[in-house]
């Protein structure tokens, strides 16, 4: 396998990384099943019995709010003969009842009853297999590994930056689903650079600079002045201004970036669509950008937040869920709320599909990454290869 993934520094991955079914299976086992995955939002689990499901290859995880107020996660596998327990991707239940033989599980995964198993059957010895789960700043993560990577440094970085946006008390106002004909890595690579932004994202470019992102070494006096002024303004509000960008090659980035002059939100006219969320009082808080590899990125403005979650379907297909959150009692126009990021995302999916079609063709060869604007793509590829098991790199 390492021979298929030999990569020269500064170059894109070989074709097999995107098209080989065996490497795709390795991605699921060594990357997705071994790392923390964004599962959903506290807003989706706002009462006991509220649940959502997350698919990771052949695995499905149930994430549910328990009667104890805690979030629990379980493999969606009945302890009897292995049937799936849930039929819907989200909902609310008092208990999980296997549809096959009606074994009943509590929200905490413990087996409550198993009909016709005999008087000596030890009900307490069986349960839905647990999955590691964490909740921070209104976001929920799961990890299928028996020994998950450390989560606490990520939570310590995210909570003071995203916490004031109040996602834990928000509601999902808009949800969009997409099926993209591209390998999941092409979507992450696209997100990790803004080389393409000026030519592809007119709505995004209204409010956002195309410099200042991680791995972009360009300088721009207007941006530098805007960043210095904005950081002073954010610090006066008690908001941490410094970036946390993949520390030590880790899997997350949280950075608050300024918007262009006259824009206080990522909307078409730059004006807020709803009152500030959480404990924010000033609508001018820039755009808080979040990345958690391998499957999530998001932006949080004062008036709304959006998250993007990737779910690999097969080597050439990725499902995407896009969610827009606002304060629980906010009244918003849903089309206006989603306008910028719906357009930007759909533009990206088209770019990724075209990119993948070329990668999968006979004419593809690894290409050179720009040292000016694509260093974050390089960082992602290094992280990916390390996660995959230290696949070989050419000297």
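Determine which single condition residue 369 fails, assuming it passes every other condition in (1) touching a strand residue (DSSP E or B) at 6+ places or on another chain (Cβ under 8 Å); (2) surrounded by fewer than 20 Cβ atoms within 10 Å (Cβ to Cβ); (3) under 15 Å from residue 192 (Cα atoms).
(2)
For residue 263, indicate whether it is surrounded by 18 or more Cβ atoms within 10 Å (Cβ to Cβ) and more than 18 Å from residue 298 (Cα to Cα). Give the steps one after another, and end with the answer.
Working: surrounded by 18 or more Cβ atoms within 10 Å (Cβ to Cβ): yes; more than 18 Å from residue 298 (Cα to Cα): yes.
Yes; evaluated as a whole, the condition is true for this residue.
Return yes when residue 381 is farther than 30 Å from residue 207 by Cα, touching a residue at least 60 places away in the same chain (Cβ under 8 Å) and assigned to a helix (DSSP H, G or I) and no when it is not.
Values: farther than 30 Å from residue 207 by Cα: no; touching a residue at least 60 places away in the same chain (Cβ under 8 Å): yes; assigned to a helix (DSSP H, G or I): yes.
In short, no.
Can you name every residue in segment 67-85 that is over 15 Å from residue 127 (Cα atoms) and outside any strand (DSSP E or B)? Lay out the reasoning, then the answer.
Of segment 67-85, the ones over 15 Å from residue 127 (Cα atoms) are 67-71.
Hits for segment 67-85 are 67, 68, 69, 70.
What residue, of 258, 272, is more than 18 Å from residue 158 (Cβ to Cβ), in the same structural domain as residue 216 (by TED's automatic domain parsing), out of contact with any helix residue (DSSP H, G or I) (no Cβ under 7 Å at 6 or more places or on another chain) and in contact (Cβ under 8 Å) with a residue 12 or more places away in the chain? Walk me through how you get there before you give the answer.
On the way: 258 fails: out of contact with any helix residue (DSSP H, G or I) (no Cβ under 7 Å at 6 or more places or on another chain).
Exactly one residue qualifies, and that residue is 272.
May I ask you to list pairs of residues, at least six apart or on different chains, whose Cβ atoms are under 6 Å apart, with the first in segment 186-199 being in the same structural domain as residue 214 (by TED's automatic domain parsing) and the second being modelled with pLDDT under 95 and not in a helix (DSSP H, G or I)?
194/210; 194/213; 197/210; 198/210
Filter segment 353-366 down to the residues that are touching a strand residue (DSSP E or B) at 6+ places or on another chain (Cβ under 7 Å) and part of a loop (DSSP other than H, G, I, E, B) and list them by number. If you could, list the steps in order and put the result at the bottom.
As a first pass, look at segment 353-366 and keep what is touching a strand residue (DSSP E or B) at 6+ places or on another chain (Cβ under 7 Å): 353, 366.
The one that is touching a strand residue (DSSP E or B) at 6+ places or on another chain (Cβ under 7 Å) and part of a loop (DSSP other than H, G, I, E, B): 366.
Output yes when any residue across segment 139-149 is more than 16 Å from the chain's Cα centre (by Cα) and assigned to a strand (DSSP E or B), and no when none is.
Taking every residue of segment 139-149 in turn, none turns out to be more than 16 Å from the chain's Cα centre (by Cα) and assigned to a strand (DSSP E or B).
The values are calculated or read from the model by the stated rules, or taken from the named source; none is laboratory data. Small disclaimer: the values here were computed from a predicted structure and weren't measured. Backbone-built Cβ (ideal geometry, glycine too); neighbour counts: all protein chains shown.
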